Amino acid sequence: MKVAPSLLSCDFAKIGEEIERVDRAGADLIHLDVMDGHFVPNLTIGPGIVKAARPYTKLPFDVHLMIDYPIDYIDAFADAGADIITFHLEAKSDINDTIDKINSRGIKPGIVIKPKTPASAAFPYLDRVYMVLVMTVEPGFGGQSFMADMMPKVVELKKECKKRGLDVLIEVDGGISENTVSAAADAGVDICVSGTGVFKAEDPAKAIAFLQDSDKK
Ligand code: DX5
Ligand code: ZN
């Protein structure tokens, strides 16, 4: 399994050093949570911070947009150095137009579903996306408890992709740690996001290695 540490749990005053720290610890991608105070009740970072963070690693930037109108900000995040942009099916921009816009910038598109959204809502877009992100907490804050009851959605998405011969990555986000990752591994998750589980770990390299090896156990 690949691991994407979420910068939401890092020390924002030292964002460059924090990125270097998890890069050295073996991270596969860097997950950046963008919140607008409308789609979710929290405000985080915008394209300016993403751009400032970009020179500190060569790892792919996995930008998770929790904003009402993702299509309006694709150019800004593309210019800032995003490699993957995921946006919510529950947001207000047209979904196909947003995927088109992300593709037009040469970036990999992904769609995200909140806990109450069924896996089937993603089915119409599976042949158009690089990744589906299944939220395992209500989006908005780090440090919440993992919802193991989201794993059937992962299994359903994997099954549907296989049936249609599609190679779409399934990512999970929220509450992933050494204590919860086995459920994700069993369900066939390809990438796990981990904020608290990596940044607050005593030994981030050990925490990342544990998550990466969870599908080998
Ligand atoms: C929540 C964010 C997550 C969050 C995960 O809305 O999308 O990426 O930072 O943090 P942990 O791993 O602490 O649940
Ligand atoms: Zn996220």
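The values are calculated or read from the model by the stated rules, or taken from the named source; none is laboratory data. These numbers come from a predicted model, not from an experiment. Using ideal geometry, Cβ is built from the backbone for each residue, glycine included, and neighbour counts are taken over all protein chains shown.
Among the residues of the stretch 126-133, is any assigned to a loop (DSSP other than H, G, I, E, B) and in contact (Cβ under 8 Å) with a residue 12 or more places away in the chain? Give the steps one after another, and end with the answer.
Narrowing the stretch 126-133 to residues assigned to a loop (DSSP other than H, G, I, E, B): 129-130.
Imposing the further condition that a residue be in contact (Cβ under 8 Å) with a residue 12 or more places away in the chain reduces the set to 129-130.
Yes: the stretch 126-133 contains one or more residues that are assigned to a loop (DSSP other than H, G, I, E, B) and in contact (Cβ under 8 Å) with a residue 12 or more places away in the chain.
What's the total number of residues in the stretch 7-39 that are under 15 Å from the mean Cα position of the chain (by Cα), among the aliphatic types (A, V, I, L, M) and either in a helix (DSSP H, G or I) or within 14 Å of Gly81 (Cβ to Cβ) (or both)?
From the stretch 7-39, those under 15 Å from the mean Cα position of the chain (by Cα) are 7-9, 27-35; that's our starting set.
Filter once more, so that each one left must be among the aliphatic types (A, V, I, L, M): 7-8, 27, 29-30, 32, 34-35.
If we keep only those that are either in a helix (DSSP H, G or I) or within 14 Å of Gly81 (Cβ to Cβ) (or both) too, we end up with 7-8, 29-30, 32, 34.
Total meeting the criteria: 6.
With Asp190, Asp186, Asp203 as the choices, which residue is away from ligand 2 (no atom under 16 Å from the Cβ), more than 25 Å from Glu17 (Cβ to Cβ), modelled with pLDDT of 95 or more and not β-branched (Val, Ile, Thr)? Step through it out loud before you land on a result.
Details: Asp190 fails: away from ligand 2 (no atom under 16 Å from the Cβ); Asp203 fails: more than 25 Å from Glu17 (Cβ to Cβ).
Exactly one of Asp190, Asp186, Asp203 is away from ligand 2 (no atom under 16 Å from the Cβ), more than 25 Å from Glu17 (Cβ to Cβ), modelled with pLDDT of 95 or more and not β-branched (Val, Ile, Thr), namely Asp186.
Yes or no: the stretch 65-82 includes at least one residue that is in contact with a strand residue (DSSP E or B) (Cβ under 9 Å, 6 or more places away or on another chain), of a type outside the set (Asp, Glu) and under 20 Å from Asp167 (Cβ atoms). Don't jump to the end; show me each part of the working.
Pass one, the stretch 65-82, residues in contact with a strand residue (DSSP E or B) (Cβ under 9 Å, 6 or more places away or on another chain): 65-71, 73-74, 77-78, 80-82.
With the extra rule that they be of a type outside the set (Asp, Glu), the set shrinks to 65-67, 69-71, 73-74, 77-78, 80-82.
Filter once more, so that each one left must be under 20 Å from Asp167 (Cβ atoms): none.
Checked against the condition, which is being in contact with a strand residue (DSSP E or B) (Cβ under 9 Å, 6 or more places away or on another chain), of a type outside the set (Asp, Glu) and under 20 Å from Asp167 (Cβ atoms), the stretch 65-82 yields no hits at all.
So Gly142 fits all but one of (1) over 21 Å from Val34 (Cβ atoms); (2) within 12 Å of ligand 2 (Cβ to nearest atom); what number is the exception?
(1)
Give me a count of the residues in the stretch 151-174 that are farther than 21 Å from Phe61 by Cβ and buried (at least 22 other Cβ atoms within 10 Å of the Cβ).
Counting residues in the stretch 151-174 that are farther than 21 Å from Phe61 by Cβ and buried (at least 22 other Cβ atoms within 10 Å of the Cβ) gives 3.
Applying the selection to the stretch 186-209, what residues are more than 14 Å from ligand 1 (Cβ to nearest atom), out of contact with any Gly (no Cβ under 7 Å at 6 or more places or on another chain) and either small (Gly, Ala, Ser) or part of a helix (DSSP H, G or I) (or both)?
The first filter runs over the stretch 186-209 and keeps only residues more than 14 Å from ligand 1 (Cβ to nearest atom), leaving 186-188, 190, 202-203, 205-206, 209.
Add one more test, that the residue is out of contact with any Gly (no Cβ under 7 Å at 6 or more places or on another chain), and what stays is 186-188, 190, 202-203, 206.
Once the filter is applied, which keeps residues that are more than 14 Å from ligand 1 (Cβ to nearest atom), out of contact with any Gly (no Cβ under 7 Å at 6 or more places or on another chain) and either small (Gly, Ala, Ser) or part of a helix (DSSP H, G or I) (or both), the stretch 186-209 yields Asp186, Ala187, Gly188, Lys206.
Return the residues of the stretch 164-185 that are away from ligand 1 (no atom under 14 Å from the Cβ) and either at positive phi or free of Cβ contacts under 8 Å to residues at least 60 places away in the same chain (or both); say none if nothing qualifies.
In the first step, residues of the stretch 164-185 are kept if they are away from ligand 1 (no atom under 14 Å from the Cβ); the result is 164-170, 182-183, 185.
Residues satisfying the conditions are Arg164, Gly165, Leu166, Asp167, Val168, Leu169, Ile170, Ser182, Ala183.
If we keep just the residues of the stretch 113-146 that are farther than 18 Å from Lys92 by Cα and of a type in the set (Gly, Ala, Ser), which is surrounded by the most Cβ atoms within 10 Å (Cβ to Cβ)?
Gly142
Go through (1) at positive phi; (2) free of Cβ contacts under 8 Å to residues at least 24 places away in the same chain; (3) not charged (D, E, K, R) one by one and return the number of the condition Gly188 breaks.
Here Gly188 clears every test but (2).
Identify all residues within the stretch 40-71 that are surrounded by 18 or more Cβ atoms within 10 Å (Cβ to Cβ), aliphatic (A, V, I, L, M) and assigned to a helix (DSSP H, G or I); write none if there are none.
Passing the criteria: Val50, Ala53, Ile71.
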